[in-house]
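What follows is a short report on a single structure.
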Amino acid sequence: MSRKVLLLAAAAASGFIAPAANAATAKHHPVKHRAVAKAHDSSAELRSEIAALKAEVAALHDAVSTQQQAQVTQQAQVAQTQTQVAAQQEQTQVASTKADQAMALATKTETAEAKTEKNVSAMSWAGQTKISGRMYFNFSNVNQSASGQKTTGSGTGFDIKRLYVGIDHKFNDIFAFNVTTDVSNVVGSTSNYDYATTSSFGSPVGRGFFIKKAYFEAKIDPALIIRAGSADMPWIANDENIYGYRHIENTIIDGPFGTSADWGIHLLGNLGKHFDYQLAAVNGAGYRNIKVSKNVDFEGRIGTNWNGFFADIGGYIGRRGNAIEGTQLYHIARRLDAMGGFKNDKFTLGAEYFFAKDWNNVATVAQDSAKGYTIFGNYNITKKWSVFGEHQWVQPNVWTNANLRQNYFNVGIQYEPVKIVDIALVYKRDAVNNGNFATNNGSYGSTFTTGIGCGATVTQPCDGTYDEVGIFGQIRF
């Protein structure tokens, strides 16, 4: 406590002593004191001015700083705006470039897709189109005679009896189209007559190319297929399929008593597993001779098969294309067909019979009929080798020349080196007795005259023979 009192006393003393000292000094030195006071006042004024200047400078500095900051902020905003504008422009340009690239890519893609679609369409069209062909050929020696004398048909040579080229196109599962050309035998032909006339039949030099089939098909159902145009006739096509050796010889009615294709409307189909049918309403003159007539002809067939056994029955009725305005007709041509047998992968054995009435007498007063049969078969020794044979017997003029007969047979052995080729060594024998008959191998025999017989006297023979041996074959694809 005494220490605190001492300290307080000392402080108070110093507070009283200092003014007293200053007063003593001022009392003893008055001039010096005034100078000091004046100097002290000037210094205080100067300090005040300096403080004011500093305040002004600070204010100016703050003003300048604010202005500069505003300018900097403005410049920064301008720069930011410019940056944003530039960024937007760049984005716009990038977007435009991308859009152009996308458009170019889309155009390129569309072009590529169009080309691809076109190529696919072309490939699809080509994929649905099939080209096929078949050629029947032979190199053989022929010995032909009439009334015991050789005829001009004798000799050795190479022959192409048929050449077919077909185009099939399938539009979809329902619609399809077919066209098949036919080049027929013109060997020995020397005439340019109209092929449609009877006198020039078989002699069309330069006219051996035909359209055999040309039809539009609609497959409504396996039981109903419709063909419009020239198509296979119901009987002969089925007959050839069973026979299997069309490149060796025609079937029994093909040529003299029927045609393999004709122009019209054709219906066909399968009636279940074991039955099939075919119907045709046609012009009647055959695929080589298109006619417009007052009537259409009809041919039909129905067939059955069961475990290799087959049977077919069919018929034909009509005017055979002769119902032309202004033409006098007397009869209607009719034909009845029947066939049966057995066929499997190892062998075939079949028989066929036909009866025809007024087939060639539609426009004649006289009537006539014809009948005949054939027996055919083959045995497959191996997959590549087979033996075959056929016999045909025909009585072509039952009413007008009951003694006229045709007896024909062939035998042969066939080799199949590849699937598309068949080559056969064949012997054929055809004999016409008591008259003349136009067969598939030519017309031979002698003319029969009613009441006289053959030639000028009854004693002259009316026979004709045809012997042929050679290599026969077919190429198919």
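A short reminder: the numbers here are calculations on the coordinates, not readings from a lab. Just so we're clear, the structure is a prediction, and the values are computed from it rather than from any experiment. FYI the Cβ positions are ideal-geometry reconstructions off the backbone, even for glycines, and counts take in every protein chain you see.
For the reader, a short list of remarks on this structure follows.
- Net charge, ILE253 excluded, C-beta distance under 10 Å - Lys, Arg +1, Asp, Glu -1: -3
- Highest average packing first - 211-220, 166-175, 314-323, 435-444, Cβ atoms within 10 Å: 314-323, 435-444, 211-220, 166-175
- Taking 7 Å steps out from each Cα toward its Cβ at ASP467 and PHE275 produces label points 5.0 nm apart.
- Estimated distance in nm for a label pair at PHE477 and ARG334, the labels positioned 7 Å out from Cα along Cα-to-Cβ: 4.8
- Between ASN307 and ILE50, the simple label model (points 7 Å from Cα in the Cβ direction) yields a spacing of 14.1 nm.
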